[in-house]
Amino acid sequence: MAKITFIEHCGTPHTVDVPEGTSLMQAAIGHNIPGIDADCGGAMTCGTCLVFVPPSWAEKLEARSEHERQMLEFSGKDAANARLSCQLIACPALDGLSVQIPESQG
Amino acid sequence: MTSDHSSTHRVVVIGAGHGGGNVVALLRQYGFGGPVTLIGDEPAAPYHRPPLSKAWLKGTASAQSLALKPADFYATQNITLRLGHAAEAIDRDTRRVALADGSSIDYDTLILATGAHARPLPLANTARPNVLTLRNMADADRLKHALGAGKRLLIVGGGYIGLECAASARALGADVVVVERAARLLERVASEPIAGFLRRHHERNGVRFALGAQIETIEGEEAASAVTLVDGRRFDCDAILVGIGAAPNTTLAEGAGLACDDGITVDADCRSSDPRIFAIGDVVRRPHPLYGRSLRLESVPSAMEQAKHAAAAIAGREPPHPEVPWFWSDQYDLKLQIAGLPFDADTVVVRGDPETGSFGVYHLRGGSVVTVEAINSPPDFFAGKKLIASGKTVAPVELADPAVPLNGIVA
Ligand SMILES: Cc1cc2nc3c(=O)[nH]c(=O)nc-3n(C[C@H](O)[C@H](O)[C@H](O)COP(=O)(O)OP(=O)(O)OC[C@H]3O[C@@H](n4cnc5c(N)ncnc54)[C@H](O)[C@@H]3O)c2cc1C
């Protein structure tokens with residue numbers, strides 16, 4: 001279990017318990033957290049589950065795959081901190097992580 | 001219309017698919033507090049339809065991963081599910097929906113998300129238990145049953161569903177023949193460089209094509225056992241999949257007297273000719289803000305975008321920004337992503353070498369990108385999508401040269 005906080009663009013935080021092995025995208029969908037579209041359901045096709053991870057957490061996360069990196073390159077958002085939340089899998093090391101949701105996924 | 005939205009305003013959604021499942025979630029996200037009921041004729045709660053021709057057909061996706069929302073979602077979001085019964089009629093005067101089980105549900109606002117159905121073969125006497133179409137989970141299970149090592153599948157239609165099923169059927173060891181009426185694959189929905197590349201890829205994987213070909217008859221009394229083409233060719237088969245497009249499920253809307261024109265006609269907010277009734281998804285013809293004309297789009301992103309517009313209008317929120325329409329298809333190890341509409345471009349630019357299995361095709365009109373098609377190349381897709389949205393003028397020679405970084409072209 002990891003406690004994860006999703007912060008909406010407007011600043012509203014949502015803290016949820018995410019079971020180990022569940023992606024942050026699935027957790028956001030399950031808790032109906034606004035701003036995560038996840039059109040493709042985790043097939044790494046749509047890029048609509050993007051979140052920003054604080055730089056201090058970046059090294060605790062599994063590195064981006066080449067495919068994820070390519071998907072984020074032109075996301076038009078601050079790519080350095082951007083991650084696809086379908087690729088972030090909850091584990092004890094992520095307990096306490098806060099991620100920021102962009103204004104829109106489009 | 002929201003200020004009078006006390007917590008007693010009842011929203012009823014007909015069609016528990018991609019649009020329906022998302023619009024009920026979005027209503028709650030947008031703060032709508034009234035009773036919400038989602039009616040669906042399928043037994044399952046909303047699920048992702050794209051895997052039906054891809055991972056689900058191949059058997060590599062779990063039922064859990066197919067679900068649009070986790071099982072307890074609807075209860076925790078206070079959304080009532082009424083599954084397994086079709087809505088049969090809408091009485092707009094009493095604002096009541098009649099269900100097939102004889103019950104009825106009253107609404108203050110109604111959302112139609114009834115999707116589309118597979119077009120049947122335009123031939124007499126084709127009904128057989130092994131002449132199949134693919135639209136829902138029950139169809140996918142029938143198709144899966146007909147596949148396996150050594151089984152012969154004949155697919156009518158070289159569109160996305162036909163090609164995805166061809167790839168999945170090959171993965172399951174079946175023999176596959178695709179019969180397409182047009183001279184090439186994906187005639188109305190993808191460019192020649194993409195269609196040609198995909199044909200070669202399928203052929204390398206053992207799929208046989210009969211292009212520019214039409215079915216004359218289906219043989220077999222009890223079950224289809226062979227197909228004869230107008231040109232005389234004949235193919236034995238164990239099953240036939242008809243993938244020749246989809247038509248909108250407008251029967252309910254037409255029965256209720258709503259304006260329809262190959263789809264329920266709605267405005268930018270997805271409101272139909274009755275202001276209390278919205279419609280979203282494959283069943284809808286809507287004026288697209290980026291194109292200034294009415295379109296009926298069949299894609300997950302479009303269903304999602306329209307769900308946002310309808311939910312925002314009902315919850316009294318600002319409408320979201322318009323999105324560039326896009327679509328994807330997975331075949332074998334290939335991921336095709338397309339943004340923009342296949343409109344008449346004046347210039348076509350291929351970036352990258354198709355032989356490498358990763359490239360982009362950009363379509364320009366008046367110097368701006370209007371459509372991009374990318375195979376195993378997310379940078380081309382996302383860069384192209386940005387260029388479509390910005391309308392920036394780009395130099396075709398730069399776009400065609402992989403040595404010129406996309407960053408600079410997009411910026
Ligand atoms: C095999 C397949 C593969 C696809 N692949 C892709 C892809 O890769 N990418 C992509 O973007 N799109 C893809 N699509 C298209 C995408 O799935 C649709 O655009 C999307 O599902 C549309 O959502 P919708 O809500 O309009 O309709 P649907 O998801 O079809 O939902 C409509 C629902 O309403 C129900 N219904 C109809 N009439 C009634 C009634 N009277 N009463 C109660 N319920 C009713 C239907 O049974 C259905 O459950 C694919 C579609 C199929 C079939």
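Descriptive notes on the structure:
- Surface composition of the protein assembly as shown: carbon plus sulfur atoms hold 50% of the accessible area, using a 1.4 angstrom probe and ignoring ligands, DNA and RNA.
- Between the amide H of residue B:48 and those of B:67, B:68, distances stay under 5 Å, these residues lying 5 or more places away or on another chain, with hydrogens modeled in the peptide plane.
- Alpha-carbon centroid distance for the pair the stretch B:210-244 / the stretch B:336-411, whole angstrom: 39 Å
- Helix-derived mean residue ellipticity, 222 nm - over the protein assembly as shown, DSSP H n ≥ 4, -39500 (n - 2.57), to 500: -6500 deg cm²/dmol
- Charge sum, other residues only, whose C-beta stays under 13 Å from residue B:199's C-beta, Lys/Arg counted +1 and Asp/Glu -1: 0
- Counting only aspartates and glutamates at least 8 places from residue B:308 when in the same chain, those with an alpha carbon closer than 12 Å to its own are A:37, B:269, B:318, B:323.
- Anisotropy class assigned to chain B is oblate, per the alpha carbon gyration tensor with a/c at or over the 1.5 cut-off and a/b no larger than b/c.
- Prolate/oblate/rounded call for the stretch B:170-241, Cα gyration tensor, a/c under 1.5 rounded: oblate
- When only alpha carbons are used to place a centre, the stretch A:1-23 and the stretch A:53-99 end up 14 Å from one another.
- Above-threshold pairs, the threshold being 28 Å between Cα atoms, out of B:54/B:151; A:60/B:54; A:60/B:58: A:60/B:54; A:60/B:58
- Radius, Kirkwood style, for the protein assembly as shown when every pair of distinct Cα atoms is counted (Å): 24.1 Å
- With all protein chains in place and ligands, DNA and RNA left out, the 1.4 Å accessible area ranks B:351, B:28 as B:28, B:351, largest first.
- Theoretical FRET efficiency, 1/(1+(r/R0)^6), r = Cβ-Cβ of residue B:392 and residue B:149, R0 41 Å, to 0.05: 0.20
- Once backbone amide H atoms are built at 1.01 Å from N, residue B:106 has B:97 as its partners under 5 Å, excluding neighbours fewer than 5 places away on the same chain.
- Förster-model FRET efficiency, 35 Å R0, residue B:229 and residue B:200, C-beta, rounded to 0.05: 0.95
- Between the stretch B:139-186 and the stretch B:50-118, the Cα center-to-center distance that results, in Å: 28 Å
- Taking amide hydrogens as placed 1.01 Å from N in the peptide plane, the amide H of residue B:89 sits under 5 Å from those of B:98, each at least 5 positions away in sequence or on another chain.
- Loop-located chymotrypsin sites (Phe, Trp or Tyr not before Pro) in the stretch B:321-411, at most 14 other Cβ atoms within 10 Å (DSSP): B:343
- Straightening the chain between residue B:172 and residue B:400 buys 78.3 nm, computed as 0.36 nm per residue apart minus the Cα-Cα spacing.
The values are calculated or read from the model by the stated rules, or taken from the named source; none is laboratory data. From a predicted model like this one, the values you see are computed outputs, not experimental measurements. All Cβ positions, even for glycine, are placed from backbone atoms using ideal geometry, and neighbour counts span all protein chains on display. Note: accessible area is taken over every heavy atom of the protein model, side chains too, but ligands, DNA and RNA are not part of it. Shrake-Rupley method; radii C 1.70, N 1.55, O 1.52, S 1.80 Å.
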